[in-house]
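One structure is given below, encoded as C-alpha cells.
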Amino acid sequence: MAASMGGSCLVLLCLVFPVVLLAGAAHGHPWGGLFPQFYDHSCPQAKEIVRSVVAQAVARETRMAASLVRLHFHDCFVQGCDASLLLDNSSSIVSEKGSNPNSNSARGFEVIDEIKVALETDCPGTVSCADILALAARDSTVLVGGPYWDVPLGRRDSLGASIQGSNNDIPAPNNTLPTIVTKFRSQGLDVVDVVALSGAHTIGLSRCTSFRQRLYNQSGNGMADATLDASYAAHLRQGCPRSGGDDNLFPLDFVSPARFDNFYFKNLLVGKGLLNSDEVLLTRSPETAALVKAYADDVDLFFQHFAQSMVKMGNISPLTGAQGEIRKNCRRLNGNHY
C-alpha cells in the first residue's frame with residue numbers, strides 16, 4: 001500500500017487534536033448524539049459500578065483486561081457499537097459468538113453479565129449493554145496502565161446480530177495490510193487508527209492457530225516468515241507445533257504482556273511481533289511504519305492517539321434515541337426467553 005503522505009506528517013497532524021479535547025464539548029454532542037454525561041441523572045453510579053466490577057475481574061485475572069477491550073472492538077466492527085456480539089443463539093438470533101473471529105476466542109461475557117446485573121439492580125432498564133462494553137474497555141485499559149479517556153455514552157442495544165458481518169468485517173491475523181486498512185476505512189477509521197488500535201496488542205494472549213503460518217509456511221514455500229526474528233520464531237515453535245496445540249496461548253507482547261505500554265511497537269522494530277497483522281505495520285507501508293516508530297519512541301503520543309481512536313471506534317454507527325432497546329439481559333432481546 002503506497003503511502004499517501006509521509007508518516008511523520010500524519011503524526012504531526014494528529015497532534016492537533018489533543019486528548020484533553022475528548023473531555024469537552026459535552027453539550028455540543030460531537031459524537032453523533034453520544035456524550036459522557038448521558039447517565040449522570042438517570043443512573044449517576046453507572047460509571048462507578050462498571051469500574052468496580054471490571055476492577056474485580058482484572059484483579060482475578062489480568063488477561064481479562066485485554067479480553068474486554070477486544071469485545072468492544074469485535075462488537076463495533078459489526079453493525080456498529082450495538083452489543084450485537086453479546087446475543088446468544090435463539091429462535092431468532094444466530095449469535096456472532098460462533099463466527100470465525102469469536103469462536104473459542106472471544107471471552108469475558110460473564111463479566112459483562114455481572115456488570116449488567118449490578119446496573120439493573122441500581123437503575124433498571126437504563127444503561128445499555130453497548131455502553132457497558134465501551135466503559136469496560138476504557139476501565140480495563142486504565143487498570144493495566146493505559147490512558148484514560150472520557151467515554152461518550154447513550155448507545156442503545158441492537159435487535160439482531162450478524163454472523164456474516166462478524167466473519168467478514170473484523171480484521172484477521174493473516175489479512176494483508178491493504179485488507180486491514182480497507183476494513184478500518186469501511187468503518188470510518190483511518191491509517192492512524194489502524195496502527196494506534198493495533199497497539200491494544202500490548203496486552204493479552206493469542207492462540208497458536210493465529211500465527212502458526214508464520215512459523216512454518218508463510219508464503220507457501222515451507223519457510224518461516226523472513227520478517228520474524230529467528231530466535232523468537234524458535235521459541236514460538238516450542239509451544240506451537242506444525243499440527244496440534246491450536247489453543248496454546250502466547251503473549252502478544254512478550255516483554256510486558258500484562259501492562260499497557262508501548263513495548264508492542266518496540267517489539268515490531270526488532271522482528272518480534274507475534275501476528276502477521278502486527279509485523280506488516282512495519283514492513284508493508286512507509287505510512288504505517290512511521291507511526292510504529294513514532295509510538296515506539298514516545299509512549300505519550302501512543303496513549304494520546306489510542307484514546308482518540310477508541311473514541312472514534314466507539315462512535316461507529318451507534319443506535320440512539322428510540323432505536324433498538326435497552327436490554328435487561330445482554331444475552332437476549334427483551335421478551336425473548338429462549
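The values are calculated or read from the model by the stated rules, or taken from the named source; none is laboratory data. Please read all numbers here as calculations on a predicted model, not as lab measurements. Here the Cβ positions follow ideal geometry from the backbone for every residue, glycine too, while neighbour counts run over all protein chains shown. These accessible areas exclude ligands, DNA and RNA; they are computed on the full protein's heavy atoms, side chains included. Shrake-Rupley method; radii C 1.70, N 1.55, O 1.52, S 1.80 Å.
So the values come out like this:
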{"quantity": "Subset of 116/312; 116/328; 47/328 violating a 19 Å alpha-carbon distance limit", "calculated": "116/312"}
{"quantity": "Of 74, 307, 158, farthest towards positive along the dipole that unit charges on Lys, Arg, Asp, Glu beta carbons give the chain", "calculated": "74"}
{"quantity": "Per-residue SASA entry for residue 223, accessible area with 1.4 Å probe, Å² rounded to 10", "calculated": "110 Å²"}
{"quantity": "Whole-angstrom gap from region 232-271 to region 80-152, using each part's C-alpha centre", "calculated": "26 Å"}
{"quantity": "Candidate lysines - alpha carbon under 16 Å from residue 272, same-chain residues fewer than 8 apart omitted", "calculated": "293"}
{"quantity": "Charge dipole (debye, nearest 20) of the chain; +1 at Cβ of Lys and Arg, -1 at Cβ of Asp and Glu", "calculated": "560 debye"}
{"quantity": "Degrees, to the nearest 10: 286-297 long Cα axis against longest axis of the chain", "calculated": "80 degrees"}
{"quantity": "Extended-chain gain in nm, criterion 0.36 nm per residue less alpha-carbon gap, residue 298 and residue 235", "calculated": "19.8 nm"}
{"quantity": "Volume per residue of the C-alpha convex hull in region 29-106, rounded to whole Å³", "calculated": "139 Å³"}
{"quantity": "Net length gained if the chain between residue 59 and residue 227 were fully extended (0.36 nm per residue, minus Cα distance)", "calculated": "56.9 nm"}
{"quantity": "Accessible carbon and sulfur surface of the chain relative to its total accessible area, %, 1.4 Å", "calculated": "54 percent"}
{"quantity": "Accessible area expressed per residue, region 69-116, with surrounding protein chains retained (probe 1.4 Å, Å²)", "calculated": "32 Å²"}
{"quantity": "Total charge dipole magnitude, region 187-338, about the Cα centre, Cβ charges on Lys, Arg, Asp, Glu only, Debye to nearest 20", "calculated": "640 debye"}
{"quantity": "Calculated from backbone phi, Karplus (6.51, -1.76, 1.60) coupling profile of region 153-160 in Hz, x at Gly/Pro", "calculated": "10, x, 5, 10, 9, 5, 9, x"}
{"quantity": "Helix-only [θ]222 nm of the chain, DSSP H runs n ≥ 4, -39500 (n - 2.57) each, per residue, nearest 500", "calculated": "-13000 deg cm²/dmol"}
{"quantity": "Test item: Cα-centred dipole of region 108-198, Lys/Arg +1 and Asp/Glu -1 on Cβ, debye", "calculated": "380 debye"}
{"quantity": "Region 72-133 - percent relative contact order, Cα under 8 Å, separation 6 or more", "calculated": "26 percent"}
